[in-house]
1. Identify all residues within the stretch 1-40 that are aromatic (Phe, Trp, Tyr), within 21 Å of residue 63 (Cβ to Cβ) and modelled with pLDDT of 95 or more; write none if there are none.
2. Among the numbered criteria (1) within 15 Å of the chain's Cα centre (by Cα); (2) closer than 21 Å to residue 23 by Cα, which single criterion is violated by residue 97?
3. Specify which of the listed residues (58, 96, 74) is at pLDDT below 95, surrounded by fewer than 19 Cβ atoms within 10 Å (Cβ to Cβ) and within 26 Å of residue 11 (Cβ to Cβ).
4. Give me the pairs: first residue in the stretch 12-33 and closer than 20 Å to residue 90 by Cα and without any contact (Cβ under 8 Å) to a residue 12 or more places away in the chain, second residue buried (at least 19 other Cβ atoms within 10 Å of the Cβ) and aliphatic (A, V, I, L, M), beta-carbon distance under 8 Å, and six or more apart or on different chains, which are they?
5. Which members of the stretch 18-58 meet the condition of being part of a loop (DSSP other than H, G, I, E, B), of a type in the set (S, T, N, Q) and within 17 Å of residue 80 (Cα to Cα)?
6. Residues in the stretch 70-107 that are touching a strand residue (DSSP E or B) at 6+ places or on another chain (Cβ under 9 Å), part of a helix (DSSP H, G or I) and not small (Gly, Ala, Ser): how many?
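The values are calculated or read from the model by the stated rules, or taken from the named source; none is laboratory data. Everything numeric in this text was worked out from a predicted model, so none of it was measured. Cβ atoms come from the backbone with ideal geometry, glycine included; neighbour counts cover every protein chain shown.
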Amino acid sequence: MPYDTDNVFAKILRGEIPCETIYEDEFAIAFDDINPQSPVHVLVLPKGEYVSMDDFTANASDAEIAGFFRAVGAVARQLDVVGSGYRILANHGRDAHQEVPHFHMHIFAGRDVGPMIRPPRP
């Protein structure tokens, strides 16, 4: 799937849509999710044009990959959720319900976030 330069995260990265940035460096930006699923729900995006984890790990430079994952850790420390625990999640494609075609990670914290996945419904 080619990168869609009109997706909402691309617009945020270009400054066309405002966001309350909670972290930013040369590799990543982080901000609160507009539809939080837990008391702490932050999105961390790489600044490059990558559709998914697959695209990112196949095409990003080593510096971008290391910088992005360091940013995820820095955001978790900044949010002070390392001690109590947090979940990171990246959705890829239709079956995972990826809503925005720009690779990003969710950080969930602030409560028990439950089991890893929901069991199938009978």
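1. Listed by number, the residues that qualify are 9, 23, 27.
2. Failing condition for residue 97: (2).
3. It is 96.
4. Every condition considered, the pairs that remain are 21/29; 21/30; 24/30.
5. Passing the criteria: only 38.
6. Summing the residues that are touching a strand residue (DSSP E or B) at 6+ places or on another chain (Cβ under 9 Å), part of a helix (DSSP H, G or I) and not small (Gly, Ala, Ser) in the stretch 70-107 gives 4.
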